[in-house]
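> Please find one structure pasted underneath; my questions will follow.
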Amino acid sequence: MPASIFARHYSALRATARPARDEAEAFDSHVLAAILAAALTEAETSVTAPIDGLGLSPVEIDRLVACHFPHYAPAEFGGLPPSVPSEEEALLIDLLLAHRSGPEPLAAWLAILIARRAMRPDHLWQDLGLNDRGELNRLLARHFRTLHAGNTGNMRWKKYFYRVLCEAEGFSLCAAPSCAVCTDFDDCFGAEDGLSRLAGLRRRMEEAA
């Protein structure tokens, strides 16, 4: 995902953001701008429509943009419906919706946005356009409190989501008797540190603004 293109979309969204009443709202605005910018960047560099990278219907995109970025043109996301969620994505949406704890309708929108972005190949915080895993933790703790609280071992979030879904269906994600003795431990719990490919340039642009 080209950092310069992402930064352009992110900055345009932030410039049109509704004034935040507190730090929590400011963080929500940052998260939404990052997610929307990630989808716009993806569309600009591939054949994917922006709305297809978000999962929300055109009506819901219009509502989200009008609420949080009132001076931004929702037409940037196109008017066609997104592709139908896969079974895996639909299960993840249901899981997130069941655990939502933040203000509505934002938490419900985020459940769909996170599930769609989670189908991308990178770490989830990178798929969402966030600066680091810490921001993802903060997002989940605010809007999906009980789900966040259940990840006591600090497992990678995509792995944790799939683990919870598998347990709900009555089978185990892996055959290891415990995480402590699993040969794939690092695959589930390995570090997700370091700045994303987008964060460095975005921070420099913000500092220069």
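The values are calculated or read from the model by the stated rules, or taken from the named source; none is laboratory data. Small disclaimer: the values here were computed from a predicted structure and weren't measured. Note: ideal-geometry Cβ built from the backbone for every residue, glycine included; neighbour counts use all protein chains shown. The accessibility values were calculated without ligands, DNA or RNA, using every heavy atom of the protein model including side chains. Shrake-Rupley method; radii C 1.70, N 1.55, O 1.52, S 1.80 Å.
> Looking for something under 23 Å from residue 69 (Cβ atoms) and open to solvent by less than 30 Å² (accessible area, probe 1.4 Å) - is there at least one such residue anywhere in region 155-164?
As a first pass, look at region 155-164 and keep what is under 23 Å from residue 69 (Cβ atoms): none.
No, because not a single residue in region 155-164 is under 23 Å from residue 69 (Cβ atoms) and open to solvent by less than 30 Å² (accessible area, probe 1.4 Å).
> Oh, and also: What are the residues in region 8-52 that are crowded, with 22+ Cβ neighbours inside 10 Å, touching a Phe, Trp or Tyr at 6+ places or on another chain (Cβ under 6 Å) and among the β-branched types (Val, Ile, Thr), if any?
Selection gives 41, 51.
> Now for a different question. Looking at 92, 124 in this structure, which one is hydrophobic (A, V, I, L, M, F, W, C), over 23 Å from residue 25 (Cα atoms) and surrounded by 18 or more Cβ atoms within 10 Å (Cβ to Cβ)? Even if it seems obvious, please write down each step before you answer.
Numbers: 124 fails: over 23 Å from residue 25 (Cα atoms).
Just one listed residue meets the conditions, 92.
> Starting from region 33-59, take each residue that is touching a residue at least 60 places away in the same chain (Cβ under 8 Å) and within 17 Å of residue 85 (Cβ to Cβ) and list its partners that are open to solvent by 20 Å² or more (accessible area, probe 1.4 Å) and charged (D, E, K, R), counting only C-beta distances under 7 angstrom and pairs at least six apart or across chains.
Pairs that qualify, where the first residue is touching a residue at least 60 places away in the same chain (Cβ under 8 Å) and within 17 Å of residue 85 (Cβ to Cβ) and the partner is open to solvent by 20 Å² or more (accessible area, probe 1.4 Å) and charged (D, E, K, R), are 53/42.
> Next question, about the same structure. Testing residue 42 on (1) out of contact with any Gly (no Cβ under 8 Å at 6 or more places or on another chain); (2) over 18 Å from residue 135 (Cα atoms); (3) in a helix (DSSP H, G or I), one condition comes back false. Which one is that?
Result: residue 42 fails condition (1) only.
> Let me ask something else. If residue 51 satisfies all but one of (1) under 16 Å from the mean Cα position of the chain (by Cα); (2) at pLDDT 95 or above; (3) not charged (D, E, K, R), what's the number of the condition it fails?
Evaluating residue 51 over (1) under 16 Å from the mean Cα position of the chain (by Cα); (2) at pLDDT 95 or above; (3) not charged (D, E, K, R) leaves (2) as the failure.
> I'd like to check which helices (runs of 4 or more DSSP H) are fully inside region 98-170 and have at least 2 residues that are within 25 Å of residue 41 (Cβ to Cβ) and touching a residue at least 40 places away in the same chain (Cβ under 8 Å).
On the way: elements: 106-117, 124-127, 133-143, 145-150, 157-168.
In region 98-170, the matching helices (runs of 4 or more DSSP H) lie at 106-117, 124-127, 133-143, 157-168.
> In addition: If you take the residues in region 60-87 that are in contact (Cβ under 8 Å) with a residue 40 or more places away in the chain and exposed (fewer than 15 other Cβ atoms within 10 Å of the Cβ), which one is farthest from residue 164 (Cα to Cα)?
71
> Residue 90: within 21 Å of residue 49 (Cβ to Cβ), touching an Asp or Glu at 6+ places or on another chain (Cβ under 7 Å) and modelled with pLDDT of 90 or more, yes or no?
Values: within 21 Å of residue 49 (Cβ to Cβ): yes; touching an Asp or Glu at 6+ places or on another chain (Cβ under 7 Å): no; modelled with pLDDT of 90 or more: yes.
No; evaluated as a whole, the condition is false for this residue.
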